[in-house]
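Working notes for the structure below.
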Amino acid sequence: STQSTGELEGLKMNLSRAKAASVTHAPADAAAATKIPQYHDFIEKRDYQGALAVLEFQRLAGEGDAVQTLQWIGYCAFHLGDHTKAMKTYSELLAMSDPDPLDHIYLGCCMFYMGMYKEAEEEILKGPQVPLQTRLLFHLAHKLNDEDKLMKHHGKLKTCVEDQLSLASIHYLRSHFQEATDIYKRVLLEENRDYLALNVYVALCYYKLDYYDVSLEVLQVYLQAHPDSVVAVNLKACNIFRLYNGQAAEAELKVLLEKTGSKEYTNDIVKHNLVVFREGEGALQTLPPLVDVVVEARLNLVIYYLQQDEIEEAYNLIKDLEPSTPQEYILKGVVNAAVGNLMDSREHLKMAQQYFQLVGSSASECDTIPGRQCMASCFFLLRQFEDVMIYLKSVESYQRNSDEFNYNYGMTKAALGQYMEAEEDLLLVQNEKYHSDYSYLSWLARCYIYNNKPKAAWELYLRMETSSDSFSLLQLIANDCYLKGSFFYSAKAFDVLERLDPNPEYWEGKRGACVGLFQAVVAGKEPHDNLRDVVAMLRNTNNPQVEYIIRIIKKWARENSVKLQ
């Protein structure tokens, strides 16, 4: 949005030159115009590369006014995005005798786009007090987070189109998308419907407001006139991605390749978005060079690291970022939560909880799906699961196809003792990565145990490879089955634990589970066949109490005609 606004400002600042050039360099007749193209002909067609080629030739040949040629070279370089060349050109102009004071402001424009905000402010203040200076200082105040200067320059803005577009772009950058939309629509209605580019700005605002269908409808007005616009085609692809999937979105971008005849995309934003459309494919090759070029590149690279369980890399990339948008606050919260879990750090978990609370309680986000999920995450970290349920229930109808939602919903219900529903939610999770996650397995195992399916919990353990996680799951099965009265599987778990680690506590647990199972058999609640396994498990332990317990079991078996062999 700001780049496009900058184009309009740049066009305005050189409008007088364009008119002058049209008069000065008008061809003598139509034949001459066809024969010798002039740079302003290219500019009128927005072919800045063609104009620059003519101007560079004109400069080398010593034709025309040298100062005016340099001014137009700076203009064309700026609009081609070559801000370094444009900056050098305006610096050269200012080094001449009796330079145009406006060139200070144009040089400041170049510095602004190069991220040299302090230098840009100093240079712009050397120029005359014109509307363009006010607009640039307004944007610089936002970039430098100077609220006092922002309000000061805001008060100087007029009702002219350029000032209103500048105000709208600041609203957009501050995530005030509805306010930006209102300005763009008012300009379109009051000024001129021929300002087709404003439809792209409106569509971008609707995209940010999650109205993807409306965004596509508004965008189509511009695409009918400019079907090969990189910005518009890219925005259409982003809408398609939100409405459907990455494959459909990527198909929309093919028109850009057909236009250039190239096999690869050259636009940085398009290359960035392709990584997103392809679910992270090529992230490490594409995103790192774009971290300081495309705002979202850093955030998406952090997300990629999180998905790859490279928590430290994600944290290092985002730890110095000062969040200014809800997305940045949310991602900071997620990363800090991941670090807190990994390092068992209460400090990071506290920071995560605070980031989530800031977003969830803000006026602009409290009634959005991400906002309510943030409040759910905040209360989850505080272990206030009743409150978590309130927020998750409010977005349930929108999130049922999300593995992450079903995972969190299942854990919350299990924490509240709603094991039957929790089991159903956890089984909805399709991602194989989560299926091997200890947290998921432990909650699912607990649900199985409390839903009287201890065998299913035991089978979860059998499918795991030997590791610290499998050992932890054994402990959970042993203790939860004991508490639930599923003594057979409790005894089996304690038996394996004792063989892995001859801790006296495991023998005590196994002994209690075996005796509990024997009592259940005597009471007719468990099949007699389980006694054979009990005797076998007892004999795995070298303890004088073993023979005493086995002797009692055998005596009862003989008296009740139960075979233990």
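Is the C-alpha gyration tensor of the stretch 219-287 telling us rounded, prolate or oblate? Criteria: a/c under 1.5 is rounded; beyond that, a/b larger than b/c is prolate, otherwise oblate.
oblate
With a ≥ b ≥ c the root eigenvalues of the C-alpha gyration tensor of the stretch 441-565, is it rounded (a/c under 1.5), prolate (a/b larger than b/c) or oblate?
In terms of gyration-tensor shape, oblate.
Please work out, to two decimal places, the log10 of the ratio I(q)/I(0) at q = 0.16, 0.17, 0.29, 0.33 Å⁻¹ from a Debye calculation in which every Cα of the stretch 320-360 carries one identical scatterer. Summing over Cα pairs of the stretch 320-360 leads to -0.33, -0.37, -0.92, -1.06. Model label sites at Asp148 and Leu80, defined 7 Å from Cα along the beta-carbon direction, differ in position by 4.3 nm. In a fully extended conformation the segment linking Asp501 and Met420 would gain 25.8 nm over its present Cα-Cα distance, using 0.36 nm per residue. Surface composition of the chain: carbon plus sulfur atoms contribute 50% of the solvent-accessible area (1.4 Å probe, protein chains only, all chains present).
Measuring from centroid to centroid over Cα atoms, what is the spacing of the stretch 537-565 and the stretch 392-412 in Å? Using only Cα atoms to place each centre, the spacing works out to 49 Å.
With a simple spin-label model that places each label point 7 Å from the Cα along the Cα-to-Cβ direction, the separation between Arg400 and Ser364 comes to 3.2 nm. For the chain, a simple Cβ point-charge model (Lys and Arg +1, Asp and Glu -1, everything else neutral) yields a dipole of about 1840 debye relative to the Cα centre. For the stretch 163-208, the equivalent ellipsoid built from the Cα gyration tensor has semi-axes of 16, 11, 8 Å, listed from largest to smallest. Angle of helix 230-243 to the longest C-alpha principal axis of the chain, folded into 0 to 90 degrees and rounded to 10: 20°. Can you tell me the length gained on complete extension of the stretch Ser345 to Ala53, counting 0.36 nm per residue apart and subtracting the Cα distance? The Ser345-Ala53 span can extend by a further 99.1 nm.
Measuring between their Cα centroids, the stretch 93-116 and the stretch 353-390 lie 48 Å from each other.
Can you tell me the mean projection area, over all orientations, of the convex hull of the stretch 334-386's alpha carbons? Units nm², please. Show your work: numbers first, answer last.
Working: hull surface 13.7 nm².
Directional mean of the projected Cα hull area for the stretch 334-386 stands at 3.4 nm².
Rg/Rh for the stretch 267-400 (Cα atoms only, Rh after Kirkwood) is 1.00. Estimated from the Cβ-Cβ distance and a Förster radius of 30 angstrom, the FRET efficiency linking Ala61 and Met96 is about 0.95. Per residue, the accessible area of the stretch 34-168 comes to 51 Å² when a 1.4 Å probe rolls over the protein heavy atoms. Are there trypsin sites (Lys or Arg not before Pro) in the stretch 168-242 that DSSP marks as loop and that have at most 13 other Cβ atoms within 10 Å, and which are they? Filter output for the stretch 168-242: Arg193. Cα extents for the stretch 148-253 along the principal axes, largest to smallest and rounded to whole angstrom: 47, 29, 19. For the stretch 129-170, the alpha-carbon coordinates run over 25, 21, 14 Å along the three principal axes, in decreasing order. For the stretch 252-319, the convex hull spanned by the alpha carbon atoms encloses 80 Å³ per residue.
With N counted as the residues of the stretch 189-322, its alpha-carbon radius of gyration over 2.2 N^0.38 Å works out to 1.16.
Give me the mean projected area, in nm² to one decimal, of the convex hull enclosing the Cα positions of the stretch 89-161. One quarter of the hull surface, i.e. the mean projection, equals 5.1 nm².
With the convex hull drawn over the C-alpha atoms of the chain, the volume per residue is 190 Å³.
Once the 1.4 Å probe is applied to the protein heavy atoms, the stretch 391-460 comes out at 48 Å² accessible per residue. Restricting the calculation to Cα atoms, the stretch 517-561 yields a radius of gyration followed by a Dmax of 10.4, 29 Å.
All alpha carbon pair distances within the stretch 48-110 were sorted into 5 Å bins beginning at 0; the resulting P(r) in whole percents reads 4, 21, 31, 25, 15, 4.
For the stretch 480-534, what log10 I(q)/I(0) values come out of the Debye formula at q = 0.22, 0.32 1/Å, with one point per alpha carbon and no solvent? Reported log10 I(q)/I(0), two decimals: -0.74, -1.25.
The values are calculated or read from the model by the stated rules, or taken from the named source; none is laboratory data. This structure is a prediction, so every number in the text was calculated from the model and none was measured. A quick note on method: Cβ atoms are made from the backbone with ideal geometry, for glycine too, and the neighbour counts reach across all protein chains shown. Quick note on the areas: whole protein, heavy atoms, side chains included, nothing else; ligands and nucleic acids left out. Shrake-Rupley method; radii C 1.70, N 1.55, O 1.52, S 1.80 Å.
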